[in-house]
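The values are calculated or read from the model by the stated rules, or taken from the named source; none is laboratory data. Just so it is clear, the structure is predicted and the values come from calculations on it, not from any experiment. With ideal geometry, Cβ positions are generated from the backbone for all residues, glycine too; neighbour counts draw on all protein chains shown.
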């Protein structure tokens, strides 16, 4: 996993330069890294964007101790990762196990804080993996029963067209990353879950 170190160095530098104590962590892959408006949209919850390019759930778990060694008093985690694991050929059940390991690490360091998983997106570039993506999502959703204070946000269905294929209007030309409309889907689905961000509606 040596190819992540440049991005991890960047995260460590950004954490050192923070002028506030973040309460809400957005942790995961480039879906967060490329979301330039994230900290502005969620500013009332003192967010920090700790996405790193190409991140898998395996990498998020593996590097957790390094990334969070100097972060304390976190109130909640928003997690997005998993499609890169599947793109690398991992089985959906491995993805679920990586997430469970990550949740255990979070609970061990921060206690029983709120953790939210944003479902793996059905992208055009990975249309051939839709079956695996759907299977992984359905099993991750079941963890809401197993783990206290764990929430699942479904963006999968909202990103499909009338033929149940990934809708191109939500993606950049690469067919993998979100455009502005794609990020709006995340916002819309979070707004449907007031238990995650009580009394706040985002735009």
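Hey, could you check the range 70-96 for residues that are surrounded by fewer than 16 Cβ atoms within 10 Å (Cβ to Cβ) and closer than 19 Å to residue 116 by Cβ and say which is farthest from the chain's Cα centre (by Cα)?
73
Mind checking which helices (runs of 4 or more DSSP H) fall wholly inside the range 1-57 and carry at least 1 residues that are more than 22 Å from residue 98 (Cα to Cα)?
5-16, 38-41
Scan the range 186-199 and give yes if some residue there is part of a strand (DSSP E or B), free of Cβ contacts under 8 Å to residues at least 40 places away in the same chain and either touching a strand residue (DSSP E or B) at 6+ places or on another chain (Cβ under 6 Å) or surrounded by fewer than 17 Cβ atoms within 10 Å (Cβ to Cβ) (or both), otherwise no.
no
When you go through 141, 105 one by one, which is the residue that is in contact with a strand residue (DSSP E or B) (Cβ under 7 Å, 6 or more places away or on another chain), at negative phi and either without any contact (Cβ under 8 Å) to a residue 40 or more places away in the chain or surrounded by fewer than 22 Cβ atoms within 10 Å (Cβ to Cβ) (or both)?
141
What number of residues within the range 13-33 satisfy the criterion of being surrounded by 15 or more Cβ atoms within 10 Å (Cβ to Cβ) and out of contact with any helix residue (DSSP H, G or I) (no Cβ under 7 Å at 6 or more places or on another chain)?
Qualifying residue count for the region: 6.
Filter the range 145-162 down to residues that are at pLDDT 95 or above and more than 18 Å from residue 26 (Cα to Cα) and give me whichever is surrounded by the fewest Cβ atoms within 10 Å (Cβ to Cβ). Reasoning before the result, please.
To start, the set of residues in the range 145-162 that are at pLDDT 95 or above comprises 150-162.
If we keep only those that are more than 18 Å from residue 26 (Cα to Cα) too, we end up with 156-162.
Values: 156: 20, 157: 13, 158: 18, 159: 24, 160: 14, 161: 11, 162: 6.
Filtering the range 145-162 for residues that are at pLDDT 95 or above and more than 18 Å from residue 26 (Cα to Cα), the one surrounded by the fewest Cβ atoms within 10 Å (Cβ to Cβ) comes out as 162.
So in the range 109-134, with the set limited to residues that are over 17 Å from the mean Cα position of the chain (by Cα) and farther than 17 Å from residue 182 by Cβ, which one is surrounded by the most Cβ atoms within 10 Å (Cβ to Cβ)?
That would be 132.
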